[in-house]
Amino acid sequence: RESMRRQLTVLSLILGMVWVMMIPAGAEERGYSDTKGHYAGDIIDVWSGYEVLRGYPDGTFRPDGVITRGELAVVLDRVMGYRAAVENTFSDLPQGKWYTDSILRLAAQGIFEGDEGGRMNPEAPITRQEAFSALARVLGLEERKEAPGFADDGAISGWARGYIAAMREAGYVLGDRNGNLRPGASITRAEVIVTLD
């Protein structure tokens, strides 16, 4: 009995150590002041533990705040670890900014593109259709020819329609309770990470 008790104790310790090793480094230490009880709180903690997400200096994450194009580029670059970058020809993308290298790496992969005026608009909030199209490219989803199937399909830009249809078909994107995608609306930080998760 004593030897069995020792074996169970050793087994419990081993299982405990394995469990701790499975938790992403630092995930349990994040504890943003504004994510407890939020529908995406646990997911935000896990991805923060992977160093994909970072909060603000005041200890908040602002899950319901909009995400900018630059912020999304940094998140996707941290996940994918891209190496190649394009030359910076964008008029509004200054060297040395915290998002510049990530945007240039995403541009090299064809995930981010500038507008007709040669601007990347890194500090502008990213729209839902822009974010879902970028995520589809990151995930390697092929554009679909059929309509996405949302109640507001007519509001989806032609360049985004095939990617959004692919995201919906793969189960990454769902409409709201009225079946709308709201393609031109800004996407929140929480919505991006839940979709990515």
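Observations on the model:
- Around the amide H of residue 68, modelled in the peptide plane, lie the amide H atoms of 126, all under 5 Å away and 5 or more residues distant in sequence or on another chain.
- Diffusion constant of the range 38-197 at 10 °C, which comes from Stokes-Einstein with the Kirkwood Cα-pair radius and 1.306 mPa s, µm²/s: 98 µm²/s
- Here the Karplus curve 6.51 cos²θ - 1.76 cosθ + 1.60, taken at θ = phi - 60°, turns the phi angles of the range 164-169 into couplings of 5, 4, 5, 5, 5, 4 Hz, with x standing for Gly and Pro.
- Judged by the ratio a/c of the largest to the smallest principal axis of the C-alpha gyration tensor, the range 137-197 counts as oblate, that ratio being 1.5 or greater while a/b is no larger than b/c.
- Taken per residue, the accessible surface of the range 41-197 reaches 50 Å², heavy atoms only and a 1.4 Å probe.
- Over all pairs of different C-alpha atoms, the range 62-140 has a mean inverse distance whose reciprocal, the Kirkwood radius, equals 12.5 Å.
- In order through the range 132-149: 3J(HN,Hα) via Karplus (6.51 cos²θ - 1.76 cosθ + 1.60), integer Hz, x for Gly, Pro: 5, 5, 4, 5, 4, 5, 4, 7, x, 7, 7, 4, 9, 8, 6, 5, x, x
- Phi to ³J(HN,Hα) by Karplus 6.51 cos²θ - 1.76 cosθ + 1.60 over the range 72-89, Hz, x for Gly, Pro: 5, 4, 5, 4, 5, 5, 5, 5, 8, x, 5, 10, 6, 9, 7, 5, 7, 10
- Local electrostatic count at residue 108 - Lys and Arg +1, Asp and Glu -1, tallied over other residues with Cβ under 13 Å: -1
The values are calculated or read from the model by the stated rules, or taken from the named source; none is laboratory data. The structure presented is a predicted model; accordingly, all values stated were derived computationally and were not measured. Using ideal geometry, Cβ is built from the backbone for each residue, glycine included, and neighbour counts are taken over all protein chains shown. Just so you know, the surface numbers come from the protein's heavy atoms only, side chains and all, with ligands and any DNA or RNA stripped out. Shrake-Rupley method; radii C 1.70, N 1.55, O 1.52, S 1.80 Å.
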